[in-house]
């Protein structure tokens, strides 16, 4: 019999997440009533910690794993333009519908795609800021993802990730019903985040805690973090 670690290594988390969020996107706020407020909390923390990164007249953002757009909606008043990206077509459709209903389609739009960090993707766009909120724990290879995201940063641009911090005792934070879509069940540590950011060529790594947040999957107060690093070659902010 194979071990749980072996089973996890051979499990296709990307496809499982695509299927899960295609099925659950239209029920997101019903199943996770704190989701909208979580987006606001993460945006507020990012702006509190790194206010110079947010310029309404200039900042162009890639919101990676954007879901149905709750984080983008909270971020939109503080930046010039947002491109959301997600592997779930249903989530992207809801995102674009919300943007249209809010009358902000010219300021935020989403596409369904995967990224490898290669020429031609996203029409070769580059961004001042890339954000990812509440999604890194769903991504099996955060090393590959971070390298791909770094490709889309302008020199001097920053990657900001908001996610769940691994507790000191290493305990699992997600109940079994989420194990099919969450490879990082213990959260993510500062050492792990530093390693993946720096291996992607990003510099000036920092990771700051947010106040504990109670979320439905864990059912407990959970410490969240904001991790930040920048692409070399531009002005340091």
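The values are calculated or read from the model by the stated rules, or taken from the named source; none is laboratory data. Every value quoted in this text rests on a predicted model; they were computed, and no experiment measured them. As a convention, Cβ positions derive from the backbone with ideal geometry for all residues, glycine included, and neighbour counts pool all protein chains shown.
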Qualifying positions in the stretch 32-78 - in a helix (DSSP H, G or I) and over 16 Å from the mean Cα position of the chain (by Cα): 48, 49, 51, 52, 53, 77, 78
Out of the residues in the stretch 133-178 that are touching a residue at least 60 places away in the same chain (Cβ under 8 Å) and farther than 19 Å from residue 198 by Cα, which is farthest from the chain's Cα centre (by Cα)? 164
Condition check: at pLDDT 95 or above and at positive phi. Does residue 122 satisfy that? yes
Selection status of residue 207, within 16 Å of the chain's Cα centre (by Cα), surrounded by fewer than 21 Cβ atoms within 10 Å (Cβ to Cβ) and either at pLDDT 80 or above or not in a helix (DSSP H, G or I) (or both): yes
All but one of (1) closer than 25 Å to residue 41 by Cβ; (2) out of contact with any helix residue (DSSP H, G or I) (no Cβ under 7 Å at 6 or more places or on another chain) hold for residue 130, so report the exception by its number. (2)
So which residues in the stretch 112-125 are surrounded by 15 or more Cβ atoms within 10 Å (Cβ to Cβ) and either under 13 Å from residue 61 (Cα atoms) or touching a helix residue (DSSP H, G or I) at 6+ places or on another chain (Cβ under 7 Å) (or both)? 112, 115, 117, 122
Quick one: in the stretch 1-18, of everything that is part of a helix (DSSP H, G or I) and either modelled with pLDDT under 90 or more than 18 Å from the chain's Cα centre (by Cα) (or both), which residue is surrounded by the most Cβ atoms within 10 Å (Cβ to Cβ)? 17
Residue count, the stretch 224-237, condition in a loop (DSSP other than H, G, I, E, B) and either out of contact with any helix residue (DSSP H, G or I) (no Cβ under 9 Å at 6 or more places or on another chain) or modelled with pLDDT of 85 or more (or both), comes to 6
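To keep it simple, each residue is scored yes or no on (1) over 23 Å from residue 208 (Cα atoms); (2) out of contact with any helix residue (DSSP H, G or I) (no Cβ under 9 Å at 6 or more places or on another chain).
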site	(1), (2)
13	yes, no
22	yes, no
45	no, yes
49	no, yes
54	no, no
61	no, no
68	yes, no
Residue check, residue 221 on the phi > 0 side of the Ramachandran plot, in a strand (DSSP E or B), in contact with a strand residue (DSSP E or B) (Cβ under 6 Å, 6 or more places away or on another chain) and without any contact (Cβ under 8 Å) to a residue 60 or more places away in the chain: no
